[in-house]
Amino acid sequence: MLNSTVSFLVQCDKEMNIIHTFWYEPVYLISPYQKKIQEIFLPEEELRMKEMFTEARNTNKPVSCAGSFKTLIGEEVSLCMMQMEDRMLIHGLRRDVFWSSVEKEELSIIIHRFMGVVRDSYGEINTKDELLIRQAFEEVQKLNNDLLNMKRELLKANAKLNEANEELSSRLVKDALTGLVSRYQYRDEILGMIRKNPEKEGIFAFIDLDDFKSINDTFGHRAGDEFLKAFAGRLMLLPFDQLICMRISGDEFGLYLHGYDKVEKTHQDHLWKSISEIVLAKPILIEEKEFPVSCSAGMSIYGRDTKDIYDLIEYADFAMYEIKKNGKKSYSSFKMERYRDKKTAIL
């Protein structure tokens, strides 16, 4: 339930003078010195108030405000105005009664009907009837508060569901061993980065560890896993703002950099130089034993070689195997003519 109520129902003339108050809460909301409806609100709200008043005078239907108006007592109030002959019926209700767009729409419908009943039966209203009207509207507010309480319970249930979904999503997005983007998510991550600057080019580097199998065979999979985690940690230290680090499978990794107006050979050289200095320069220490780090990489260019993410990765993979055959611990740029020649030879 709401802790306090801020609401009113007043009648104004065409000059916006308050000529009758059905009710107002709290008791200090409207003082005897406030003769015009706009005097209940902060001065900066006057222009919007007059615009809404004019809009309501030009229609026979109730008009609700978009947003809210700030009162002198510090509360935000949503307004509804309805023309009744040469007078205006104005209803105000504390803003936070409206929790969502659906609830706002439902409560607005109720208020509009309520205003219509008051307008159509105004000639028969006396003091006792005004009390009944107010009581009826308070029942409307009570029903709405019950709706809000139900909404709070639904929000709690949804929060638990979202938490479970986030945990599941995290398992899919992050590789369990290295913490890098997983093979299930790297395409979406790359596309998400591209959408921010679709006209820019990018570099995909397909990285394969050299002679990693010997670590597993000689020292066991535990040492191999520790090596992979350390290698991934170094990849994440590469000094690029728009960089996605991913584990593709086993000892294969990927890097994607985006945001180039045009990828030049110097950009690819700079990427490999950074890998050499930060990732490969020092051995990885596992249980007081040093393991040298070596890898080979192939690079393809998004926006020039292809705009298909799967092709982009295949092209970089192809370039990586080209350098593997020619000495390792270096990189190669994708060449479409060599790729086509190789495909033709296979066929």
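The values are calculated or read from the model by the stated rules, or taken from the named source; none is laboratory data. Quantities reported herein were computed from a predicted structural model and do not represent experimental measurements. Neighbour counts run over all protein chains shown; Cβ positions are idealised from the backbone, glycine included. Note: accessible area is taken over every heavy atom of the protein model, side chains too, but ligands, DNA and RNA are not part of it. Shrake-Rupley method; radii C 1.70, N 1.55, O 1.52, S 1.80 Å.
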With the structure loaded, tell me whether residue 309 is out of contact with any Pro (no Cβ under 6 Å at 6 or more places or on another chain), under 18 Å from residue 189 (Cβ atoms) and among the β-branched types (Val, Ile, Thr) or whether it fails that test. yes
Considering the stretch 317-347, residues that are in a helix (DSSP H, G or I), in contact with a Ser or Thr (Cβ under 7 Å, 6 or more places away or on another chain) and in contact (Cβ under 8 Å) with a residue 40 or more places away in the chain, and then whichever is farthest from residue 193 (Cα to Cα), we arrive at 324
Only one of 277, 314, 290 is without any contact (Cβ under 8 Å) to a residue 24 or more places away in the chain, surrounded by fewer than 22 Cβ atoms within 10 Å (Cβ to Cβ) and assigned to a strand (DSSP E or B). Can you tell me which? 290
Take the conditions farther than 17 Å from residue 274 by Cβ and assigned to a strand (DSSP E or B) and apply them to residue 195. Does it pass? no
Restricting the search to the stretch 325-347, which residues are within 17 Å of residue 252 (Cα to Cα) and either open to solvent by 50 Å² or more (accessible area, probe 1.4 Å) or more than 42 Å from the chain's Cα centre (by Cα) (or both)? 325, 328, 329
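Table: residues versus (1) more than 20 Å from residue 16 (Cβ to Cβ); (2) modelled with pLDDT of 75 or more; (3) out of contact with any strand residue (DSSP E or B) (no Cβ under 6 Å at 6 or more places or on another chain); (4) outside any loop (DSSP other than H, G, I, E, B).
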| position | (1), (2), (3), (4) |
| --- | --- |
| 45 | no, yes, no, yes |
| 50 | no, yes, yes, yes |
| 73 | no, yes, yes, no |
| 88 | no, yes, no, yes |
| 103 | yes, no, yes, yes |
| 106 | yes, no, yes, yes |
| 132 | yes, no, yes, yes |
| 151 | yes, no, yes, yes |
| 154 | yes, yes, yes, yes |
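Residue-wise test of (1) surrounded by fewer than 18 Cβ atoms within 10 Å (Cβ to Cβ); (2) under 15 Å from residue 175 (Cβ atoms); (3) free of Cβ contacts under 8 Å to residues at least 40 places away in the same chain.
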| site | (1), (2), (3) |
| --- | --- |
| 205 | no, no, no |
| 212 | no, no, yes |
| 229 | yes, yes, no |
| 246 | no, yes, no |
| 251 | no, yes, no |
| 268 | no, no, no |
How about the stretch 299-311: which of its residues are open to solvent by 70 Å² or more (accessible area, probe 1.4 Å), touching a strand residue (DSSP E or B) at 6+ places or on another chain (Cβ under 8 Å) and of a type in the set (Ser, Thr, Tyr)? none
With the requirement that a residue be part of a loop (DSSP other than H, G, I, E, B), within 19 Å of residue 248 (Cα to Cα) and in contact (Cβ under 8 Å) with a residue 24 or more places away in the chain, what does the stretch 293-311 give you? 293, 294
